Amino acid sequence: MFKGFIGKTGRLFLILTICFNLTVFSSPISSETSYSTKGKNEKSLNLAIGYVSLSGNAKSTTGSFKVDFSYVFKKFYFETKAYYIFTDVTNVSTGQTNRTDEKYYFTFKSNYKKGKKSGIFANISWLKNKPAGINKNLSIASGYSRIISDSKKRKGKFGLGFEGFKEEKIIQDSIKTNSSLAAYFEFSFQYAFNNANKLKFENETRVNISDTEDYRLFNNISYSSSLNKNMAIEFNYLHQFKNLPVPGKKKTDTTTTVNIVFRF
């Protein structure tokens, strides 16, 4: 246990050292898209390919592909994200390696600005995560949003509402489907050390209204450093927690990626 702790601490120290060096020596570029309209139409498209390390219900140290697109049009803000782990994944509980155990994720987020800082958001997400026992998960969330900061250095917002989701669980080689309504909270905050180096934190929290023991947390931390106008290096850590996982599965899944990002 102590040896594992030392190993994890060493990797964390290495990542922080690299981030510090990139922060000091990288050259600045123009800032990313803001979720405040300010009378301008803006758009951003990023493609990322990189190394991925999984732990929890599956283990893998191979590759991934990720794309995200954001667009501001008058009072509307749109954001689309998707990722795909495109290699064999080892199931921790069975020890088997199977390409059908790949992980897919897609989300579409929108926000309509009603006031200077307030708005209404609507999100649609789709997930396939067989190592965690999820064949499919489709969710739709909507509610009130609020911009808490939108300066050059700090950008932050949160949303509060409800989410309906339909989930197909894999239990003993059979599919069990359930639908639920949950209280939903989302939060994102980005800090820019300079125009080239940014740290971002995102959280989504869901609590099943009919069963409060069923709560789920989605936390994502990313650090990006621009190499030039069209390329960047990104370090990303995703932590997913389900208090009531599929029987026989672990509560926590983590995904660590180091990506080369291409901006268009």
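The values are calculated or read from the model by the stated rules, or taken from the named source; none is laboratory data. Just so it is clear, the structure is predicted and the values come from calculations on it, not from any experiment. We place every Cβ from the backbone using ideal geometry, glycine too, and count neighbours over all the protein chains shown. In case anyone asks, the SASA skips ligands and DNA or RNA and just uses the protein heavy atoms, side chains included. Shrake-Rupley method; radii C 1.70, N 1.55, O 1.52, S 1.80 Å.
Things to note:
- q = 0.11 Å⁻¹: log10 I(q)/I(0) that the Debye formula gives for the stretch 43-263, counting C-alpha atoms only: -0.57
- Model label points for PHE158 and ASN243, set 7 angstrom from Cα along the Cα-to-Cβ axis, are 1.8 nm apart.
- Flagged links, alpha-carbon separation over 28 Å, of LYS103/LYS251; LYS103/LYS200; LYS43/LYS152; LYS66/LYS249; LYS128/LYS153: LYS128/LYS153
- Accessible carbon and sulfur surface of the stretch 43-263 relative to its total accessible area, %, 1.4 Å: 61 percent
- Relative to the Cα centre, the charge distribution of the stretch 43-263, modelled as +1 at Lys and Arg Cβ and -1 at Asp and Glu Cβ, gives a dipole magnitude of about 1060 debye.
- Furthest towards positive pole of dipole, ILE140, THR94, PHE158, structure part the stretch 43-263, Cβ charges: PHE158
- Other-chain or far-sequence residues with amide H under 5 Å of LEU227's (modelled H): ALA232, ILE233
- If R0 is 25 Å, the Cβ-Cβ spacing of SER93 and THR61 corresponds to a FRET efficiency of close to 0.85.
- Calculated diffusion of the stretch 112-193, Stokes-Einstein form, Kirkwood radius summed over Cα pairs, 10 °C and 1.306 mPa s, µm²/s: 108 µm²/s
- Leading residue at positive end of dipole, the stretch 43-263 (Cβ point charges), from TYR71, VAL52, VAL261: TYR71
- Modelled this way, with points 7 Å down the Cα-to-C-beta line, the labels at TYR104 and ARG146 are 3.8 nm from one another.
- The slack in the chain from PHE189 to THR177, taken as 0.36 nm per residue of separation less the alpha-carbon distance, amounts to 0.9 nm.
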